[in-house]
Amino acid sequence: MPPLGPQPGINMRIEISPSNTLHGTLILPLTQGDDVADASLTGVPSALKAQIANALSEGDFKGKKGEILSLVGTGEGRALLVGLGKTKDLNRDVWREIGAKATAAMKPSHGKEFTVAAEDGDMHDLAAMAEGMMLRDYSYDVYLTKDDDDDEDDSEAVVRFACEDEDTEPLAATVKRMASVVKGVHRSRDLGNCPPNDLYPMAYARQAMEYAEGFERLNVSVITYEEALERGMGGLVAVGMGSSRKPCMVIFELNAHITGRAPVIVGKGITFDTGGISIKPSPSMDEMKYDMGGSSVVFGLMQALTESGWEGKVTGIACMAENMPAANAQRPGDVIRTYSGKTIEVLNTDAEGRLVLSDGLWKAGEYDPEYIIDLATLTGACVVALGHEASGLWSNDDDLRSRIHEAGNAVGELAWPMPLLPAFEKEMTDSKIADTRNLGAGRWGGANTAAAFLKQFVPSRGEGDDEEQIPWAHLDIAGTYWGAKTNATVKHGATGVHVRTLHRLITGE
Ligand code: BES
Ligand code: MN
Ligand code: ZN
């Protein structure tokens, strides 16, 4: 597996500065209808100011949302004008988006130094802009050999936010925390973008162990294939046994010394999903390398929490397997016994995510969690329902559901509430020879029947009348983990969606 450290790319560092002296290229966010007189440009040389005023009066730049005008080599100094759109439509999502657009517009001709005219900005808006800038500062080029030969300058760029004095410290602290979270997002994206010949279950495990070595508060342990067999993790084993790259379960424990209930996050980690014996059609099958998206979000989240200095306890569980057709692969018709003891009639080997998750969810119960959240690129049906714009969100707990929904809204990663209905659950338990089945009765409602299937493996606590299922939520990220065309922070490939949602849910920041 190639090294998956910081990626070369734009590679920027953000600094917050109380001085409004212009260094390098000016980045100037403007709303529609702004003129330069309105904008605070105290440190900007008058010649550049005049040039900007001219571009505005000529109509070269209107300030439409996401509009970019680069002024380079046409006069004094350099500037990048960035459109915020109409003032009445301005919100954090817009600031994040235009930050990303600004990064995308950076060219070698702008040099390596930038100053954002931020004196008039609200601290939270500026933070969102910085976040967008950092998120978009990503490229996955570890497999490109041509970069080695040319002498492209991949040294770090510095972006200074020129702020009012009183804003610098809180903004600097926020941006520093965000940078750790963004690193987690980029970790998730790196894992997702990594080709499946290099990212297989034990490669993920090794990378996780290696990462944890750098942090005393973070512990990573691996349940190997042999151990999974011994412990009766029949879901994980059944899905992964047909591959020469054997399955495993990777467990991240942050601040495990702390007592009391804490969140457990479970991720589907199918490093490649051929469908198994129920094999998928060839077109676009390459995209099934992203089928480990849930597990990559677990890793990215654990990294984000670790590096942002979160002091609470959190556990992550990644269910890693490769779903291959083979002489020793599972068959449609097999009945497997899961870690929970429940048996499943496997009617379609392509409904494999729910099989590995059945063991992951049951394992989560051993931590007596405050709540369990699973993330999975689980169903094509969820993409049909919600497209690439929102993840599906199911929960057995109203409070948890609304907290996830709100955290998602706050960071611009939508998670849309979907129904958990008894009828769907009934459909999934209708097997003549096993406790449950991994396929619905027909094709309708496939995302809901999948969620209902998972619910059967959510552990309970308490005895008798007091027995109650642990609060649990399921995020189907099949449409949002890759393929979004409207996401300015992601040029292409894996998105790392919900690293930021869950970081916010857990830390409140
Ligand atoms: N990984 C797929 C789901 C998927 C499909 C994600 C397309 C993104 C795009 C999952 O393992 C799968 O194959 N699901 C089947 C379930 C069916 C057999 C019940 C599906 O959605 O067709
Ligand atoms: Mn599948
Ligand atoms: Zn799958």
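Below is a table of values for the structure above.
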quantity: Whole-Å distance, taken between Cα centres, linking region 411-463 and region 246-319; calculated: 20 Å
quantity: Point-charge dipole on Cβ atoms (K/R +1, D/E -1) for region 330-462, about Cα centre, debye to 20; calculated: 440 debye
quantity: D (Stokes-Einstein, µm²/s), Kirkwood Cα radius, region 194-507, 0.692 mPa s at 37 °C; calculated: 172 µm²/s
quantity: Separation in nanometres of the label points that stand 7 Å from Cα toward Cβ, at LYS88 and ASP35; calculated: 2.2 nm
quantity: Dimensions in Å of region 31-141 - Rg and Dmax from alpha carbons; calculated: 13.6, 42
quantity: Sulfur and carbon atoms: percent of accessible area, region 194-507 [1.4 Å]; calculated: 50 percent
quantity: Dipole in debye (nearest 20) - the chain, about Cα centre, beta carbon charges: Lys, Arg +1; Asp, Glu -1; calculated: 1180 debye
quantity: Sites ILE433 and ASN11 - FRET efficiency at Förster radius 51 Å, r taken between beta-carbons, to 0.05; calculated: 0.35
quantity: Extreme residue, positive dipole direction of the chain, given options LEU421, GLY496, MET106 (C-beta unit charges); calculated: LEU421
quantity: Acute angle (nearest 10 degrees) that the helix 92-105 long axis makes with the longest principal axis of the chain, alpha-carbon atoms; calculated: 70 degrees
quantity: Bridge type composition, the chain - antiparallel percent by DSSP, nearest 5; calculated: 40 percent
quantity: Rounded to 10°, Cα long-axis angle of helix 446-455 versus longest principal axis of the chain; calculated: 70 degrees
quantity: Rounded to 10°, Cα long-axis angle of helix 201-212 versus longest principal axis of the chain; calculated: 50 degrees
quantity: Efficiency of FRET from Cβ geometry, ARG231 and ASN328, R₀ 25 Å, rounded to 0.05; calculated: 0.80
quantity: In nm, spacing of pseudo-spin labels at SER460 and ASP398 (7 Å Cα→C-beta vector); calculated: 2.1 nm
quantity: Charge sum, other residues only, whose C-beta stays under 15 Å from PRO422's C-beta, Lys/Arg counted +1 and Asp/Glu -1; calculated: -1
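The values are calculated or read from the model by the stated rules, or taken from the named source; none is laboratory data. Computed from a predicted structure; not experimentally measured. So basically every Cβ, Gly included, is an ideal-geometry build from the backbone, and we count neighbours across all protein chains shown. Only protein heavy atoms, including side chains, enter the accessible area calculation; ligands, DNA and RNA are left aside. Shrake-Rupley method; radii C 1.70, N 1.55, O 1.52, S 1.80 Å.
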